[in-house]
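First comes the structure, then the notes that go with it.
The values are calculated or read from the model by the stated rules, or taken from the named source; none is laboratory data. These figures come from a predicted structure and were not determined experimentally. Because the Cβ atoms are built from the backbone with ideal geometry, glycine has one as well, and the counts that use them run over all protein chains shown. Please note that ligands, DNA and RNA were not included when accessible areas were found on the heavy atoms of the full protein model with its side chains. Shrake-Rupley method; radii C 1.70, N 1.55, O 1.52, S 1.80 Å.
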Amino acid sequence: SNFTTVFQAFFLLTLLSLTESSCTWSWFGQNPSWKGPPVVEQMSLFSVRVSWAGLLVKPECADKIRVKYWKSLSPNDWKISKDPCCTVDTISYLVDNLDKYMEYTYQVIAVEIKTLRSSDYNRSPATRFKTSRDIKSISVDSSIPEPSPSSSISPPLQARLGPQGGEEGKDMPSQNFIENHFTLVIIGSVVGGIIILVLVISTIVSLRIRRKKSEDTIPLTQLSQSQSKHNKKKVDDTAPLSQVEKKALSLILRTNKD
């Protein structure tokens, strides 16, 4: 039946989830996360280096890193590093072809590749930064700064981060929710479908039971009516003879005697 098919699909989905690592399921608290926003350093008026050394929590649960950036005044016109870009072991990325003196917002994303062709995007807080002639540019060989052990971002680094955006990118919040909770949405849909199917089957079974009861009561009613008619006919057959019938019967008896 349809109910059996849906139940088997749900069972297979659950079994598939158990074969994955615990990092796959967000409600187990095993998703990668970020201690703070990335560090952005000026390399030239047209390029910056984005780094995140020591900021990624649970890197073993991430499959790759991507860097997203956009002009702070145009959050919907964003760009993102192309694959292959950064492995989990990568801690910096060079962004070039920027408009000089223009403020950009930078964000790093830890990507988890899941089953069912889905991925989770775990975004860091965002950092705003704009190039300037007053900022000393670093070289390609400059060491990558790391946060201090006592806090997620040390005071010297904080000054180099630039103003931080209070929000992540505002692009397509509903799509971001689906991306971050795709597995939960799938399981919720399956459970909801099972509940609806159970309600439909219960309604059909209830209607069939009612119909069967109504069919069982119809013959009893017809039998009662038939017996009533038969009894009435029997009473009619045994009713007393009229005067005319008595005279006719008496005449017949006399004739037979003669």
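For residue 171, the conditions (1) modelled with pLDDT of 85 or more; (2) surrounded by 12 or more Cβ atoms within 10 Å (Cβ to Cβ) are fulfilled apart from (1).
The sole residue among 91, 144 that is on the phi < 0 side of the Ramachandran plot, in contact with a Gly (Cβ under 9 Å, 6 or more places away or on another chain) and touching a residue at least 12 places away in the same chain (Cβ under 8 Å) is 91.
Here's the yes/no breakdown for (1) part of a loop (DSSP other than H, G, I, E, B); (2) at pLDDT 95 or above; (3) more than 16 Å from residue 126 (Cα to Cα); (4) open to solvent by 50 Å² or more (accessible area, probe 1.4 Å):
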| site | (1), (2), (3), (4) |
| --- | --- |
| 40 | no, yes, no, no |
| 50 | no, yes, no, no |
| 60 | no, no, yes, yes |
| 69 | no, yes, no, no |
| 83 | yes, no, yes, yes |
| 88 | yes, no, yes, no |
| 93 | no, yes, no, yes |
| 97 | yes, yes, yes, yes |
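Give segment 105-136 a look and list any residue that's touching a residue at least 40 places away in the same chain (Cβ under 8 Å), assigned to a loop (DSSP other than H, G, I, E, B) and of a type outside the set (Lys, Arg), or say none. Of everything in segment 105-136, those that are touching a residue at least 40 places away in the same chain (Cβ under 8 Å), assigned to a loop (DSSP other than H, G, I, E, B) and of a type outside the set (Lys, Arg) turn out to be 115, 116, 118, 124, 125, 126, 131, 132, 135.
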